[in-house]
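The values are calculated or read from the model by the stated rules, or taken from the named source; none is laboratory data. Note that the coordinates shown come from a computational prediction; the quantities given were computed from them, not determined experimentally. FYI the Cβ positions are ideal-geometry reconstructions off the backbone, even for glycines, and counts take in every protein chain you see. Ligands, DNA and RNA are stripped out before the accessible areas are found, and what is left, the full protein with its side chains, is counted by its heavy atoms. Shrake-Rupley method; radii C 1.70, N 1.55, O 1.52, S 1.80 Å.
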Amino acid sequence: MFRLAHVTDPHFRGFRGAHPGQFFGKRAVGLANLVVNRVRKHKMELLEDLRIDLRAQAPDHLALTGDLSNVALAGEWRAALAWIDLSGVPPESVSVIPGNHDAYVEAVVKDRAFEQLFAAYQTNDLAREGERAKAATYPFVHLRDELALIGVSSSVATGDLGAWGQIGEAQLGRLEAILLAPELTGKTRIVLIHHPPVMHKPGEHRNLRDREAFAAVLARAGAELVLHGHDHEDQRAELTGPAGKPIPVIGAGSASYAGGPERRARYSIYEIEGGAIIWTSRVHDQATDTFHEKRRERLA
Ligand SMILES: [Fe+2]
Ligand SMILES: [Fe+2]
């Protein structure tokens with residue numbers, strides 16, 4: 001049995017190395033939001049408790065689906081890297097994709113700062129010789145045991161205060177080719193994407209703009225599971241694959257959220273064997289500062 005842990009939206013904090021000149025425009029607004037709201041809503045202690053639980057669970061693989069930062073600062077990402085290092089999961093067993101907060105300002109997207117720092121977790125098992133040393137081109141693929149993890153980026157510098165995402169036509173084309181690649185035949189194909197690829201909440205300022213095109217790719221090429229973050233709550237939806245086969249689409253709540261039990265800090269573990277998938281959710285308990293299993297569900 002293969003055990004995959006899914007952690008999302010930790011929103012690490014870390015300002016080491018930042019200078020005042022980095023805080024203008026959208027980042028200044030983000031920083032004000034951080035001071036007023038996020039410090040209260042997202043607690044770094046919860047990430048420590050989660051890391052201890054994750055170590056004890058000893059999953060075979062860890063998938064992180066974005067919003068590792070708040071305002072796309074190197075200090076925030078370094079805090080995430082240190083956390084991954086201490087998680088006990090070896091680098092070749094970790095997949096990382098960015099979220100909208102990791103593309104908070106255009107300059108870091110242009111510099112590919114995220115891809116440089118997280119390169120070890122974005123290797124591509126389908127890359128041709130000569131391509132392997134380059135920073136990630138999305139989607140990347142991790143072939144592990146009976147799994148194929150496909151890391152999609154929906155992270156774009158929105159240029160406004162929106163939190164919307166977009167995959168783009170070129171990446172969608174590559175995604176379809178990957179899902180149909182002979183190397184993936186017979187594998188449990190798990191697509192990782194930050195934004196929910198379905199409409200959960202109204203308002204296009206925070207949704208995936210090309211979700212219909214994504215759904216069309218999956219309708220043609222299929223996948224066995226889609227995992228996402230972004231909405232900071234557990235979510236469940238379905239897309240349709242070839243021949244009407246349902247594809248579960250599951251979002252996990254934020255790993256650091258300090259609110260009530262419905263959305264409190266959590267992560268998921270998927271037990272996968274012979275194509276069967278069991279979803280469990282591990283949720284932080286405020287009374288004991290430990291994580292407990294809150295859900296166990298067999299996916300169709
Ligand atoms: Fe988030
Ligand atoms: Fe997000």
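Give me the distance in nm between label points sitting 7 Å out from Cα along the Cα-to-Cβ direction at THR288 and GLU238, one decimal.
Distance between the two pseudo-spin positions: 3.4 nm.
Report, to the nearest whole %, how much of the accessible area of the stretch 138-272 belongs to carbon and sulfur atoms, 1.4 Å probe, protein only.
53 percent
Compactness ratio of the stretch 239-300: Cα Rg over 2.2 N^0.38 Å, N = residue count?
Expressed relative to 2.2 N^0.38 Å, the Cα Rg reads 1.34.
Working only with C-alpha atoms, what are the Rg and Dmax values of the chain, expressed in angstrom?
17.9, 55
Show me, bin by bin at 10 Å from 0, the whole-percent P(r) of the stretch 131-247 based on Cα pairs.
Result returned by the calculation: 13, 46, 32, 8, 0.
Which one of VAL35, LEU46, SER69 is farthest out on the positive end of the charge dipole of the stretch 1-82, using unit charges on Cβ (Lys, Arg +1; Asp, Glu -1) and the Cα centre as origin?
Highest projection toward the positive end goes to VAL35.
Send over a whole-number figure in Å² for the accessible area per residue of the stretch 248-300, probe 1.4 Å.
Working: 2240 Å² over 53 residues.
In whole numbers, the stretch 248-300 has 42 Å² accessible per residue.
Relative contact order for the chain: what percent, with Cα pairs under 8 Å and sequence separation of 6 or more? List each step's numbers first, then the result.
Details: 680 pairs, mean separation 60.0, N = 300.
After rounding, I find 20 percent.
Using +1 at the C-beta of Lys and Arg and -1 at the C-beta of Asp and Glu, which of HIS284, ILE272, LEU299 has the Cα lying farthest in the positive direction of the dipole of the stretch 182-300?
It is LEU299, whose Cα lies furthest towards the positive end.
If you count only protein heavy atoms with a 1.4 Å probe, what accessible area per residue comes out for the stretch 2-118, rounded to a whole Å²? Walk me through the numbers on the way to the answer.
Values: 4740 Å² over 117 residues.
I get 41 Å² per residue for the stretch 2-118.
D for the stretch 7-159, whole µm²/s, Stokes-Einstein with Kirkwood Rh over alpha-carbon pairs at 4 °C and 1.567 mPa s: what number?
80 µm²/s
Considering the chain as a Gaussian network with a 10 Å cut-off on Cα pairs, which listed residue, ARG206, ARG40, ARG144, attains the greatest mean-square fluctuation?
ARG40
Output the peptides 234-240, 185-191 sorted from most to least packed, where packing is the average of other Cβ atoms within 10 Å over each peptide's residues.
Top of the packing list down: 185-191, 234-240.
Show which lysines lie in cross-link reach of LYS294 when reach means a straight Cα distance below 30 angstrom and same-chain residues fewer than eight apart are skipped.
LYS41, LYS43, LYS187, LYS201, LYS245
What's the extension gain from ALA127 to ALA177 if we count 0.36 nm per residue and subtract their Cα-Cα distance?
16.7 nm
Connecting C-alpha atoms closer than 10 Å in a GNM of the chain, tell me which of PRO196, PRO90, PRO59 has the biggest fluctuation.
Result: PRO90 has the largest fluctuation of those listed.
Among VAL96, LEU161, LEU172, which residue has its Cα furthest toward the positive end of the charge dipole of the chain, with +1 on Lys/Arg Cβ and -1 on Asp/Glu Cβ?
So the residue we want is LEU161.
With +1 on each Lys and Arg Cβ and -1 on each Asp and Glu Cβ, and nothing else charged, work out how big the dipole of the stretch 1-158 is about its Cα centre, in Debye to the nearest 20.
Taking the Cα centre of the stretch 1-158 as origin, the dipole is about 620 debye.
Treat every Asp and Glu Cβ in the chain as -1 and every Lys and Arg Cβ as +1, leave all other atoms uncharged, and give the resulting dipole magnitude about the Cα centre to the nearest 20 debye.
520 debye
So what's Rg/Rh here for the stretch 1-87, counting alpha carbon atoms and using the Kirkwood radius for Rh? Before the final figure, lay out each step's value.
Numbers: Rg = 14.4 Å, Rh = 14.0 Å.
With Rg and the Kirkwood Rh in hand, the quotient comes to 1.03.
Could you tell me the largest-minus-smallest coordinate of the C-alpha atoms of the stretch 182-223 on each of the three principal axes, in descending order and whole angstroms?
38, 17, 12
I need the peptides 269-277, 286-294, 9-17, 215-223 ranked by packing, meaning the mean over residues of other C-beta atoms within 10 angstrom, with the highest value on top.
Details: 269-277: 15.7, 286-294: 12.6, 9-17: 19.8, 215-223: 17.9.
The peptides rank, most packed first, as 9-17, 215-223, 269-277, 286-294.
Pop the C-beta distance of PHE15 and ILE278 into the FRET formula with R0 = 25 Å and round what comes out to the nearest 0.05.
Details: r = 40 Å, r/R0 = 1.60.
The formula returns an efficiency of 0.05 here.
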